[in-house]
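Below: the structure, in structure tokens.
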Amino acid sequence: MSIQDFIDSQVKSNDIVVFMKGTPQFPMCGFSGQVAQIFTLLGADYKGINVLDSDEIRQGIKQYTNWPTIPQIFVKGEFVGGCDILREMYQSGELQTLLEEKGIPVMGRASA
Amino acid sequence: MAMEAAEIERLIRDGLPDAQVTMRDLAGDGNHWHATVVSESFRGKSRVQQHQMVYAAIGEPMGGVLHALALQTEIPKA
């Protein structure tokens, strides 16, 4: 299986996938940590893929999305963006709406 | 490795000639920048596309020598 096929299969077989530096329990970079925190606050489960484990994945994901940085977030196979887009969406409540629309259970709603 | 604000600004403007760029050094180390970019060319584009336009303008340094660039993209107020 090529790296692009692997990435494609991962993003299509999990509701939320985060290509990150480190793991959900131990993010190894500030931006990955912020993403982990947002999903923890929402109580939304996600699959964390640690790009530090494989340089092939680390470069492959950047080609897959034509996005040069890590972390990268996918919801139902769709590329949502990086840390700052996710944070903007969370603060505006847009992320909660997107998850609900996609049928992904969400706990807290950001206060208005 | 780090990059100067002026260098990042120049790259963004080369790619987006009408862009207004405001740089902020997040960590004071010249390695974690925040850029607010206002450009008419963003109109009608999704946030991801807008950010991709800025990353394309910056090109090769992005994700390499320029470790992190937090972005805020906006359309000029009419």
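The values are calculated or read from the model by the stated rules, or taken from the named source; none is laboratory data. Only a predicted model underlies this, so the values are computations on that prediction, with no experimental measurement involved. Here Cβ is always computed from backbone atoms with ideal geometry, including for glycine, and neighbour counts include all displayed protein chains. Only protein heavy atoms, including side chains, enter the accessible area calculation; ligands, DNA and RNA are left aside. Shrake-Rupley method; radii C 1.70, N 1.55, O 1.52, S 1.80 Å.
For the reader, a short list of remarks on this structure follows.
- Secondary structure note: in region B:5-74, about 45% of the DSSP beta bridges are antiparallel.
- Within chain B, trypsin sites (Lys or Arg not before Pro) in DSSP loop having at most 10 other beta-carbon neighbours inside 10 Å: B:Arg43, B:Lys77
- Magnitude of the charge dipole, the protein assembly as shown, Cβ model with Lys/Arg +1 and Asp/Glu -1, debye to 20: 360 debye
- Taking a straight line from the alpha carbon of A:Lys76, these aspartates and glutamates sit under 14 Å away, with near neighbours fewer than eight places off in the same chain left out: A:Asp8, A:Asp15, A:Asp45, A:Glu100, A:Glu101.
- Among A:Gly93, A:Gly33, A:Gly22: highest mean-square fluctuation, GNM of chain A, C-alpha pairs under 10 Å: A:Gly93
- Relative pair counts by distance (%), Cα atoms of region B:5-74, 5 Å bins: 4, 18, 32, 28, 13, 5, 1
- Using alpha-carbon coordinates, inclination of helix B:5-15 to the longest axis of chain B, degrees: 40 degrees
- Calculated accessible area for region B:5-74 comes out at 46 Å² per residue, all protein chains present (probe 1.4 Å; ligands, DNA, RNA ignored).
- Size of the B/A contact, given as accessible area buried on both chains, probe 1.4 Å, in Å²: 1200 Å²
- Gyration tensor (alpha-carbon) shape descriptor, chain A, a/c threshold 1.5: prolate
- 25 Å Cα-Cα threshold exceeded, pairs from A:Lys102/B:Lys45; A:Lys62/B:Lys77; B:Lys45/B:Lys77: A:Lys62/B:Lys77
- Accessible surface of chain B, 1.4 Å probe, proportion on carbon and sulfur as whole %: 52 percent
- For A:Ser2 and A:Glu88, the FRET efficiency from 1/(1 + (r/R0)^6), where r spans their Cβ atoms and R0 equals 45 Å, is about 0.85.
- Percent of beta bridges antiparallel (DSSP, the protein assembly as shown, rounded to nearest 5): 55 percent
- Sum of -39500 (n - 2.57) over DSSP H runs of 4+, divided by residues of the protein assembly as shown (222 nm, nearest 500): -12000 deg cm²/dmol
- Size of charge dipole - region B:5-74 - debye, nearest 20, with Cβ of Lys, Arg +1 and Asp, Glu -1, no other charges: 260 debye
- Shape call, region A:17-83: gyration tensor on alpha carbons, a/c limit 1.5: oblate
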